[in-house]
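Input: a single structure, listed below in structure tokens.
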């Protein structure tokens with residue numbers, strides 16, 4: 001599998017990068033107690049550090065929102081997944097626990113304030129392109145119908161399956177999943193060193209709670 005950033009994305013975000021990891025031989029299970037405790041501690045830290053009325057001015061979140069605006073993707077209507085989860089914490093709403101792989105993905109997204117996506121590798125067909133999708137729709141993980149027209153998406157030979165806001169049900173990670181693709185949607189201001197550190201931390205945490213091996217760690221440039 002190759003991961004490619006489409007030329008149209010490069011035109012509006014010259015420094016666009018996607019970091020990704022492929023894991024094999026993982027064992028996805030319900031949320032382990034140790035992971036739940038780590039997540040609880042992170043939420044307490046987030047609630048202590050951030051205030052909801054100035055959330056959009058936090059440099060990392062502001063950089064992601066700026067990336068959305070360049071993509072003509074309204075960040076107030078289609079909130080980046082990282083910002084949406086931080087907002088839920090500050091609003092004292094529940095963070096949903098799904099399974100040991102999705103929860104690690106969400107933990108890292110909140111920790112690093114960047115949109116992360118994790119996908120069932122076996123459901124991906126051919127190469128993956130990050131580009132503007134054609135008009136149409138898909139069913140997201142929550143079961144809602146989402147329009148795709150000219151919005152940024154990951155897509156393969158079967159169509160769209162992920163973006164920084166909402167992922168498709170087709171590639172959702174289940175307890176039967178044994179191979180994963182994890183993608184970090186980086187803003188233009190993240191340094192290469194920071195992005196590599198995020199990859200390393202995420203790979204280590206994913207393997208800790210799901211076993212298996214990180215067989216690919218890479219950063220793709222526009």
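The values are calculated or read from the model by the stated rules, or taken from the named source; none is laboratory data. Keep in mind it's a predicted model, so treat the numbers as computed, not measured. In this analysis, Cβ positions are derived from the backbone assuming ideal geometry, glycine residues included, and neighbour counts consider all displayed protein chains.
Restrict the check to the stretch 87-99 and report whether at least one residue is touching a residue at least 60 places away in the same chain (Cβ under 8 Å), surrounded by 14 or more Cβ atoms within 10 Å (Cβ to Cβ) and closer than 20 Å to residue 191 by Cα. No, that holds for no residue.
Here the condition is being surrounded by 12 or more Cβ atoms within 10 Å (Cβ to Cβ), out of contact with any strand residue (DSSP E or B) (no Cβ under 9 Å at 6 or more places or on another chain) and at negative phi; of 34, 47, it holds for 47 alone. For residue 26, the criteria (1) over 25 Å from residue 95 (Cβ atoms); (2) outside any strand (DSSP E or B); (3) in contact with a strand residue (DSSP E or B) (Cβ under 9 Å, 6 or more places away or on another chain); (4) at pLDDT 95 or above hold in every case but one, which is (1).
Taking the stretch 71-83 as the range and being in contact (Cβ under 8 Å) with a residue 24 or more places away in the chain and surrounded by fewer than 16 Cβ atoms within 10 Å (Cβ to Cβ) as the test, only 72 passes. If you check residue 175 against the conditions, is it surrounded by 14 or more Cβ atoms within 10 Å (Cβ to Cβ), more than 23 Å from residue 19 (Cβ to Cβ) and modelled with pLDDT of 95 or more? Answer is no for this residue. For the stretch 50-63, a residue qualifies if it is surrounded by fewer than 13 Cβ atoms within 10 Å (Cβ to Cβ) and over 17 Å from residue 189 (Cβ atoms), and the qualifying residues are 51, 52, 53, 54. For the stretch 67-87, name all the residues that are farther than 18 Å from residue 118 by Cβ, in a loop (DSSP other than H, G, I, E, B) and in contact with a helix residue (DSSP H, G or I) (Cβ under 9 Å, 6 or more places away or on another chain). Scanning the stretch 67-87 gives 71, 72, 73, 74, 75, 76, 78, 79.
Is it the case that the stretch 35-54 has a residue that's free of Cβ contacts under 8 Å to residues at least 24 places away in the same chain, out of contact with any helix residue (DSSP H, G or I) (no Cβ under 6 Å at 6 or more places or on another chain), under 19 Å from residue 79 (Cα atoms) and part of a helix (DSSP H, G or I)? So far as the stretch 35-54 goes, yes, one or more of its residues are free of Cβ contacts under 8 Å to residues at least 24 places away in the same chain, out of contact with any helix residue (DSSP H, G or I) (no Cβ under 6 Å at 6 or more places or on another chain), under 19 Å from residue 79 (Cα atoms) and part of a helix (DSSP H, G or I). Scanning the stretch 194-215 for residues being within 21 Å of residue 18 (Cβ to Cβ) and assigned to a helix (DSSP H, G or I) gives a total of 14. The residues in the stretch 160-180 that are in contact with a strand residue (DSSP E or B) (Cβ under 7 Å, 6 or more places away or on another chain) and within 21 Å of residue 9 (Cα to Cα) can be counted, and the count is 8. Taking the criterion of being over 21 Å from residue 46 (Cα atoms) and assigned to a loop (DSSP other than H, G, I, E, B), would at least one residue in the stretch 105-122 satisfy it? No, the stretch 105-122 contains no residue that is over 21 Å from residue 46 (Cα atoms) and assigned to a loop (DSSP other than H, G, I, E, B).
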